[in-house]
1. Could you tell me whether the stretch 150-169 includes any residue that is within 22 Å of G94 (Cα to Cα), under 17 Å from the mean Cα position of the chain (by Cα) and among the small types (G, A, S)?
2. Given (1) open to solvent by less than 70 Å² (accessible area, probe 1.4 Å); (2) among the polar types (S, T, N, Q); (3) over 28 Å from I4 (Cβ atoms), where does Q160 come up short, assuming only one miss?
3. Does E165 qualify as being part of a helix (DSSP H, G or I) and surrounded by 13 or more Cβ atoms within 10 Å (Cβ to Cβ)?
4. Could you run through the stretch 51-83 and say how many residues are farther than 18 Å from E32 by Cα and β-branched (V, I, T)?
5. Only one of E68, E74 is open to solvent by 50 Å² or more (accessible area, probe 1.4 Å) and in contact (Cβ under 8 Å) with a residue 12 or more places away in the chain. Can you tell me which?
6. Scan the stretch 56-113 for residues that are of a type in the set (F, W, Y) and assigned to a loop (DSSP other than H, G, I, E, B) and report the count.
7. Restrict the check to the stretch 120-129 and report whether at least one residue is at pLDDT below 85 and surrounded by 10 or more Cβ atoms within 10 Å (Cβ to Cβ).
8. Would you check which residues across the stretch 170-191 are in contact with a Leu (Cβ under 8 Å, 6 or more places away or on another chain) and open to solvent by 50 Å² or more (accessible area, probe 1.4 Å) and list them?
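The values are calculated or read from the model by the stated rules, or taken from the named source; none is laboratory data. Bear in mind that the values here come from a model prediction, so they are computed numbers and not experimental data. FYI the Cβ positions are ideal-geometry reconstructions off the backbone, even for glycines, and counts take in every protein chain you see. The accessibility values were calculated without ligands, DNA or RNA, using every heavy atom of the protein model including side chains. Shrake-Rupley method; radii C 1.70, N 1.55, O 1.52, S 1.80 Å.
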Amino acid sequence: MKQITKPVIKNSLKRIFLYRACLVRLKMMGVEKVFSYTLANETGVTSDQVRKDFSEYKIKGNKRGGYEINDLLEMMEAIFHRNKDHNIVLIGMGNLGQALSKYNKFVQRNMNIVATFDIDPFKQKLRSEVPVYSMGRLKEIIERFRVRVAILAVPEISAQEVCDELLREGIKGIVNFAPVLLKVPPDVIVNNVNLSDELESVIYYVHKLMKADGLKNIELLYRDMKY
């Protein structure tokens, strides 16, 4: 039975990403050991939260003597299965899809977009590092490269239909950039990424801060007038 997808990335996992970025930066600076309070200060959480997150993902170390940065990074890499390659297909070669297909950070993290797909015959003829196929070859490519994860960058109107086709071919995880909540079985993971929503949330908080600053300035002006 299919159900509406919900956010799948836990806040604790998001913090692991932050810790990892901090550790990489410290390592580049020549630092070899780190304490939980250092990671806490760098990422805006408490030391207790850092230790709690480490415990949840079975990240161990010498808390009193400091954590070895190389050991922490190695354990974090294991969380994301960085010891193996992950083949991925990308559906939809519009502007967003083309940008994603060229994003070199994927390769650096052992995530290989082995093929892209689009219904536009013109795009299928384009020369690029990653081939663009018709949807008719989806089953063949998924089986050949043993793909289990897909990126969906298609228009909203066709997103569910394409999603259903991916599921039929054995895809178990989807990063969905279409502005629609997909319906999938419980054993399929979907991460919905709506760039417009992300941008609007930033705009909302910017205006909220500006309004707060404006009210503060009005209060200061009124106080000065009284005296």
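1. Checking the stretch 150-169: at least one residue is within 22 Å of G94 (Cα to Cα), under 17 Å from the mean Cα position of the chain (by Cα) and among the small types (G, A, S).
2. (3) is the only condition that Q160 fails.
3. So E165 passes the test.
4. Final tally of qualifying residues: 1.
5. Values: E74 fails: in contact (Cβ under 8 Å) with a residue 12 or more places away in the chain.
Going through E68, E74 in turn, the sole match is E68.
6. Our first condition is that a residue be of a type in the set (F, W, Y); within the stretch 56-113, this holds for 57, 67, 80, 103, 106.
If we keep only those that are assigned to a loop (DSSP other than H, G, I, E, B) as well, we get 57, 80, 103.
Selection size over the stretch 56-113: 3.
7. The answer is yes, given that some residue of the stretch 120-129 is at pLDDT below 85 and surrounded by 10 or more Cβ atoms within 10 Å (Cβ to Cβ).
8. none
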